[in-house]
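Working notes, structure below.
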Amino acid sequence: MTDLYAQPLTNLEFRKHCGGNLQSEHESCVTYARADDIVVMQDSKPQDDGKELRFTTQEVDDFVLGYARERGLNLSA
């Protein structure tokens with residue numbers, strides 16, 4: 001497996017997904033971007049600026065499908 005953190009990633013277009021902690025002034029958000037087969041995720045809080053986690057798209061797909069299945073969620077539109 002290639003070291004995902006060794007891959008140079010430039011010009012990423014991050015999207016934001018928020019949810020949870022809605023009663024607080026600090027809503028929980030995650031930003032993410034995709035480059036080739038790498039998904040980069042970051043916490044949107046200022047103190048975590050620059051910190052990131054990287055996954056392959058297959059790892060993220062497997063997580064999302066497994067989580068949905070475990071929670072009994074239906075992903076069909």
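Taking 0.36 nm per intervening residue step and subtracting the Cα-Cα distance, what contour gain separates Phe63 from Lys16 on full extension?
Details: separation 47, 0.36 × 47 = 16.92 nm, distance 1.84 nm.
Between Phe63 and Lys16, full extension yields 15.1 nm more.
Once you place label points 7 Å from the Cα toward the Cβ at Tyr5 and Glu70, how far apart are they in nm?
So the label points at Tyr5 and Glu70 sit 2.3 nm apart.
Across segment 70-76, in residue order, what do the Karplus-derived ³J(HN,Hα) couplings come to in whole Hz, using 6.51 cos²θ - 1.76 cosθ + 1.60 with θ = phi - 60° and x for Gly and Pro?
4, 8, x, 8, 9, 8, 6
No lab work stands behind these numbers, since they all come straight from the coordinates. Not measured: the values here are computed from a predicted model. Heads up, the Cβs are rebuilt from the backbone with ideal geometry, glycines too, and the neighbour counts pull from every protein chain shown.
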